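For reference, the structure discussed in these notes is given below.
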Amino acid sequence: MTAKIYKSRIVEPLIKRLKAPVKTVLVRCFQAIDDYHRLNVTNANLYRENERLSKVNEELAGENENLRAENKDYKLLRKVFGNKQIDSLLEQAKQSKQRDKRFRNKENER
């Protein structure tokens, strides 16, 4: 068998059969690299978002604690002074606040 015949009968068909799997492996490799980079970017964004939300959660937990303390004080005042007196004081405060807003708006118009 000559080298030319050996090449055309054995080597070329073998190379053709090996090309397809190698091409498939390379395509999958590049897809995996692309997916890896895309997922890395997504992961970084999610990490930053998680850090931001953790800070917001800490702030809200502190605010919640302050509001619980205020609510406790408010309930104590209701116990001591009674519901009617506290309700009337709150109503007076709301009316006073509304009057202040009206006067401030008129002062700004001048």
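Relative to the longest principal axis of the Cα atoms of the chain, the long axis of helix 83-109 makes an angle of roughly 80 degrees. For segment 39-45, backbone phi angles converted through the Karplus equation (6.51, -1.76, 1.60; θ = phi - 60°) give residue-by-residue couplings of 5, 4, 5, 4, 4, 5, 5 Hz, Gly and Pro being listed as x.
Recomputing semi-axes √(5λ) of the Cα gyration tensor in Å from the coordinates shown identifies the correct label among (1) 82, 21, 9; (2) 38, 17, 11; (3) 45, 15, 9 as (1). Other residues lying with their Cβ under 15 Å from the Cβ of SER8 contribute a combined charge of +4, Lys and Arg counting +1, Asp and Glu -1. The alpha-carbon of LYS4 sits under 20 angstrom from the alpha-carbons of these lysines, leaving out residues fewer than 8 places away in its chain: LYS16.
Each value in this text was obtained by applying a stated rule to the coordinates, not by laboratory testing. All of these numbers come straight from a predicted model, not from anything done at the bench. Note: ideal-geometry Cβ built from the backbone for every residue, glycine included; neighbour counts use all protein chains shown.
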